[in-house]
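In what follows, a single structure is set out as structure tokens and then discussed.
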Amino acid sequence: MKFLRLDLLTLLISLFIFNSCKRQDGIGLGIDSSNQINGSLIVDSNIIVNTVVEDSVVTSALAKTPLANFTDPEFGTTKSNLALALSLPNNAAYTVPPGTLTIDSAVLVLRYADGFYGDSVATRYVANVYQLQEKANNQTYYNTKHWQANLGNLLGTKTFTARTHDSVTITNIRDAKVDTVQKVGPQLRIPFSKKFIYDNLLNATGSQLASTLLFQNAVKGLYVMLDKTQASNAGGVLQLALDSSRIDVFYKAVNGATIDTATVTLPFSSHSAEITHTYTSTIQAALNDKTNSQNTFYLQGLAGLRAKVSFPDLSKLPDSIVLNRAELVITPVPNSGIPYAPLPKLTMYQLDIAKQRTLIQDASPTDARAQAGVFGGGYSKTKKEYHFIVTAYIQDLLLKKTIDYGTYVAPVDTTEVNSQTGSTNISPTAQVAARTVAVGSDKTSPYKIKLNIIYTKIRK
């Protein structure tokens, strides 16, 4: 009987435990129903979304600067031309070497950076170089700046296929030594006018070479444009590292019985990009419609397009709830990423009362509710979706602690992360060239934009 009583006692204890855990979605003691807290899911698909033009963006002094001529059948044509401020060697006064000087060759070297977008296989590109007719100062320039150039005087041209990750073999000319062959990093090498260099450097007056300022007053700078050998080709966007780009001049100096070859390098003291977008009728119609929520919306880098979103149904939720989680899900239109991949990452931000961009609460390093690395925005290649965790922002909208002066989703470069806070950059960008065609408020589509809300109702 001793063992039978022990078995009965064990059975009674087990029944009590199982009975107290009958609600798996509850959080609490599980005994008194008045103490239970249950989570409920709402999928809000009534989201207003509109395609809008991105704000202008600073393109001077960028780590990656776009040189572009890209025609996307969905979006239209994007062009980006370069304005380069040409400087004296070492950015200082220059003394012309003695003797009789003859230029063997001059090469404009444009170093590639990561971020090519477009057609790197079929398209043959043509890069053309001209002289600016206005001085490119070391100041802030935006993508909307239109540069005046002498397009009637071609200083350099190169027909090429984009090989942005292939190294290049060049001849390394050394002073008073035997020349060598050297392999260098990926770069575009454009033969440049020897006459221009001779007139403006090796045969220039001493006053013009006395300082970089005086030199730039005379030569202004260079203007680089990208074309396609066949207009029917798609083209693309090249990202360039212009801080380390330059003009290399290879010359021969004859000084009495001494004959030597040497190199002189002209760097760029500043650089910027002039970016223009010519949109298709489809995109233009979306931009013109500022009242209706769109079934399809468009996001584009190079200071192109962003989307404004709002959540009108939040006011219908009861005020006696606490959000456990709110997640915005954006899905590209199926197959819209072929052949041009969707944006690798998006950012999301709000406007303050002064209409200035500010971080969403969930992305702000000053908000205790934000969790590092959780905010999201990256494109999932497996789910084919973008996800944003916006719990704190939506909760504050519900409690009227914040006012929606404008909420936006926009492209962002994956490298544009604040090193101190870890938060993504919410400024417009010219350093990413991709685009995304996304499903908007299309009620017939399973991929429509949606806000998943898990909430707890507070018992009063």
Suppose we filter SER105, SER60 for residues that are polar (S, T, N, Q) and in contact with a Lys or Arg (Cβ under 8 Å, 6 or more places away or on another chain); which single one remains? SER105
Which of the residues belonging to region 243-268 are small (Gly, Ala, Ser) and over 29 Å from the mean Cα position of the chain (by Cα)? ALA253, GLY256, ALA257, ALA262
All positions within region 361-388 that are among the hydrophobic types (A, V, I, L, M, F, W, C) and not in a loop (DSSP other than H, G, I, E, B): ALA363, PHE388
So THR159 clears everything in (1) hydroxyl-bearing (Ser, Thr, Tyr); (2) under 30 Å from PRO73 (Cβ atoms); (3) open to solvent by 30 Å² or more (accessible area, probe 1.4 Å); (4) part of a loop (DSSP other than H, G, I, E, B) except one condition, right? Which one? (4)
Which residue is most open to solvent (accessible area, probe 1.4 Å), if the candidates are limited to region 272-327 and must be in a helix (DSSP H, G or I) and aliphatic (A, V, I, L, M)? ALA285
Flag if THR169 is touching a Ser or Thr at 6+ places or on another chain (Cβ under 9 Å) and in a strand (DSSP E or B): no
Does TYR94 satisfy the criteria of being farther than 27 Å from VAL412 by Cα, of a type in the set (Phe, Trp, Tyr) and open to solvent by 30 Å² or more (accessible area, probe 1.4 Å)? yes
How about region 39-67: which of its residues are in contact with a Gly (Cβ under 7 Å, 6 or more places away or on another chain) and open to solvent by less than 10 Å² (accessible area, probe 1.4 Å)? VAL49
Looking only at region 120-146, which residues are open to solvent by 10 Å² or more (accessible area, probe 1.4 Å) and of a type in the set (A, V, I, L, M, F, W, C)? VAL121, ALA122, VAL126
Of the candidates ALA234, ALA253, ALA218, the one satisfying the condition of being open to solvent by less than 60 Å² (accessible area, probe 1.4 Å), free of Cβ contacts under 8 Å to residues at least 24 places away in the same chain and not charged (D, E, K, R) is ALA218
Inside region 43-139, counting only strands (runs of 3 or more DSSP E) that do not spill past its ends, which hold 2 or more residues that are in contact with a His (Cβ under 6 Å, 6 or more places away or on another chain) and modelled with pLDDT of 95 or more? 76-86
When only residues in region 361-377 that are exposed (fewer than 11 other Cβ atoms within 10 Å of the Cβ) and without any contact (Cβ under 8 Å) to a residue 24 or more places away in the chain count, which is nearest to the chain's Cα centre (by Cα)? THR366
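The values are calculated or read from the model by the stated rules, or taken from the named source; none is laboratory data. Quantities reported herein were computed from a predicted structural model and do not represent experimental measurements. Glycine also receives a Cβ, built like all others from the backbone with ideal geometry; neighbour counts cover every protein chain displayed. What goes into the accessible areas is simple: the full protein's heavy atoms, side chains included, and nothing from ligands, DNA or RNA. Shrake-Rupley method; radii C 1.70, N 1.55, O 1.52, S 1.80 Å.
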